[in-house]
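So the structure is just underneath, and the comments pick up after that.
The values are calculated or read from the model by the stated rules, or taken from the named source; none is laboratory data. Just so it is clear, the model here is predicted, and its values are computed rather than measured. Methodologically, a virtual Cβ is constructed for each residue, glycine included, from the backbone with ideal geometry; neighbour enumeration extends over all protein chains shown. The protein model used for the area step is the full one, side chains on, heavy atoms only, and it has no ligands, DNA or RNA in it. Shrake-Rupley method; radii C 1.70, N 1.55, O 1.52, S 1.80 Å.
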Amino acid sequence: MSEVKISAEPRTEFGKGGARRTRRAGKVPAVLYGHGEKPKHIALPAREFAAAIRKGGANQLFAIEVSDGTQVLALPKAIQRDPIKDTFEHVDLLLVRRGEKVTVEVPVQLTGEAARDTLIVHDHDTLTVTAEATKVPDHLEASIEGLEAGNQVTAADVELPAGVELAADPELSVAAVTAAPTAEQLEATLPEVETAAEEAEVVEGEAAEGAETPAAEGEETPAEARTEA
């Protein structure tokens, strides 16, 4: 994965208020740390950072040039997003050096098509691997081509590029192939689903009637009975 050059500015405002002002200015609050260095708070241009992540993924390597003269290489360690606005709230960046090995989570993509009448269960969509900081792959691939029901793809089956080592359990299930339900099996489950729905409606109706039924004239309510007692 090629590195992306990006500019940054030192950040002097902290806390929620400072972070909001940074984001309103079109920047992403971030912190650089690692190698025993004191954490450095910076602000990254939001559009450039978002474009780099969209293209290179969450493990995109950045060559960061801070306006105070600092130049470093860093990998995103934790990215906080706003789920509604789909914007970046904050980024933790890990300092790395060329030739240094890092352990990261890399997305796994399934390739090919399994046998007919099967379903694929993607148990784990990322794998932990170790690679040089400048050679972290943006994704890994695992083939399900022609697999029959009952077969499984484990971490050991995933293709690893040269220089990349598996750090996860080799027996970790990445994907499982199961038999697709037949039309008869689907039809057999429909009465059960309909019956459960009808029973739920009856229970809700009875509960509503009970809540709305007033005490008969002259009949004591539980509260009144307790008071007189």
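Worth a mention:
- Conditions (1) touching a helix residue (DSSP H, G or I) at 6+ places or on another chain (Cβ under 7 Å); (2) over 25 Å from Pro39 (Cβ atoms); number of the one not met by Leu75: (2)
- Of the strands (runs of 3 or more DSSP E) contained entirely in the range 49-144, those carrying at least 1 residues that are open to solvent by less than 50 Å² (accessible area, probe 1.4 Å) and of a type in the set (A, V, I, L, M) fall at 62-66, 71-82, 87-96, 101-111, 126-132, 140-143.
- Across the range 1-19, the number of residues qualifying as open to solvent by 70 Å² or more (accessible area, probe 1.4 Å), touching a Ser or Thr at 6+ places or on another chain (Cβ under 8 Å) and either within 13 Å of Ile64 (Cβ to Cβ) or among the basic types (Lys, Arg) (or both) comes to 1.
- Close pairs from the range 143-167: first within 16 Å of Ala180 (Cβ to Cβ), partner among the small types (Gly, Ala, Ser) and open to solvent by 50 Å² or more (accessible area, probe 1.4 Å), Cβ under 7 Å, at least 6 apart: Ala149/Ala179
- Within the range 161-188, the only residue that satisfies the criterion of being part of a strand (DSSP E or B), of a type in the set (A, V, I, L, M, F, W, C) and out of contact with any Asp or Glu (no Cβ under 7 Å at 6 or more places or on another chain) is Leu166.
- Remark: pairs (first residue in the range 91-114, at positive phi; second residue in a strand (DSSP E or B) and among the small types (Gly, Ala, Ser); Cβ separation under 7 Å; 6+ apart in sequence or on different chains) = Gly112/Ser143.
- Looking across the range 20-48, the residues that are within 23 Å of the chain's Cα centre (by Cα), part of a helix (DSSP H, G or I) and either of a type outside the set (Asp, Glu) or loosely packed, with under 13 Cβ neighbours inside 10 Å (or both) come down to Arg23, Ala46, Arg47.
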